[in-house]
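Q: The structure's right below; bear with me while I get my questions together.
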Amino acid sequence: MNSHEKFTLKDYVFVIAFTLIFVTGVIGNSLVIYIFKHRQRRITTPMELIIIYLAVTDLIASVFNSLLYIYLHITSFSHWDFGPFMCVLLPSITTVSVSMSLGLIILITIERCRVLSNPFDGMFDKKHVHYMVAFVFIISIANEIPYIKDLHITHRGVATYKCVKSNLAASYTQKKGIEFKTFPESCNKNKTLQSFEHTLSTYDETTLFSCVLQSCHEVDKCMPRSTQEYMKGRLITLVIRDVLFISVFTVCNLFIYQALKGDDEREKILKQSGINHTRINPTKMCIMILALAIVFAVLVLPKDIYHIVYLARLLNKDHSISGEKAVDINSALKLLQSFNCVANVFIYARLHGSFRKSLNEVFTTIISSTDK
């Protein structure tokens, strides 16, 4: 960390929190992938296949979201050290993973809805699951295009001045002076790099400070272009994504509710159609779908809503929520959003009996091998 960067208490809190998400997310989602894909020898249902895809997505998000935001807080969001290509790649992975996770939760909801409300059709074919996941991936990238295409490196100077009070008749004294920063385009060609006088207004008077340049360094920053086109495109895609999630979840759960109202008839149809109904636990299905959706909504939607409001206000020329406060709010909501990568693991452990059993066997094996 350079001397001009200040690592504050809130940065420590964010770094520790994202580190916990990184460790828990990597271990938890790796266990999900291992147990569903290898421990059980074969994937028995299309839903388990979708869960593996969701775990892979959450694993990627746990790594890239956490490491990116740990870096940003260590550097106090002051610069970017990885070049133009990584400026596009790394933030894009974090946003695409969120859209991908949402798409897979929607896919799980649709698959369970079909099994319960249309037992004659049965489950999705596993081959079709691969195709649908590929489609979700393509849609997730397309949804993030307004953000991805406008990511770029900006160059700016950071000039630091030492300012001391010049009107000694003021009612208070300034012994050590104050630090003042400007952000010129370059450290070599900007008039603000010269010494100047800075005016500071107080409740009862205006104090004049004489400011002398102490240092200037140039930095790269990675951010999207703040153009009208970008803000409109990003606003539209966020609204479409969230409305799609809410709509599909609501409609599918209405179908599931109607199917469960005629539970006896459903069991009769399943037996007649030859479907192995003993593997289907409607109550656990509904609880798992509901848990995945509610957790996603609580953890992910607040950041989307904040960005929608933020972009709408910027489009209306309202910059009152910009600056350091906006960065802190965004980081807090990103932290909340990143917890979704970890929460899904606990949902599986709580509601999927075979996963919980296999998880216990893994830990028993590890403990036994350690004792030896």
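The values are calculated or read from the model by the stated rules, or taken from the named source; none is laboratory data. All figures in this text were calculated on a predicted structure; none of them were measured in a lab. Here the Cβ is made from the backbone with ideal geometry for all residues, glycine too, and neighbour counts use every protein chain on show. Only protein heavy atoms, including side chains, enter the accessible area calculation; ligands, DNA and RNA are left aside. Shrake-Rupley method; radii C 1.70, N 1.55, O 1.52, S 1.80 Å.
Q: Round to the nearest 10 and report in Å² the accessible area of R313, as given by a 1.4 Å probe over the protein chains' heavy atoms.
A: 80 Å²
Q: Over 29 Å between C-alpha atoms is what I'm after, so list which of K149/K303; K10/K149; K10/K165; K221/K334; K232/K325; K10/K221 land there.
A: Those over the limit are K10/K149; K10/K165.
Q: Still on this model: Accessible area, 1.4 Å probe, largest first: how do T94, T19 sort?
A: T19, T94
Q: With every protein chain in place, what's the accessible area of D150 (1.4 Å probe, Å², nearest 10)?
A: Here the residue's solvent-accessible area equals roughly 10 Å².
Q: Moving to a separate point now. Can you pull the one-decimal nm distance between simple spin-label points at V251 and A312, each 7 Å off the Cα toward Cβ?
A: Reported label-point gap for V251 and A312 is 2.4 nm.
Q: Could you please put E185, E361, E111 in sequence from largest to smallest accessible area, using a 1.4 Å probe?
A: These residues rank, largest area first, as E185, E361, E111.
Q: While we're looking at this one, here's another question. Compute the distance in nm between two label points, each set 7 Å from the Cα along the Cα-to-Cβ direction, one at H155 and one at K127.
A: It is 5.5 nm.
Q: Rounded to the nearest 10 Å², what accessible area does D242 show when all protein chains are kept and the probe is 1.4 Å?
A: Here the accessible area works out near 10 Å².
Q: Put H130, H217, H155 in order of accessible area, largest first, 1.4 Å probe: what do you get?
A: Correct descending sequence by accessible area is H155, H130, H217.
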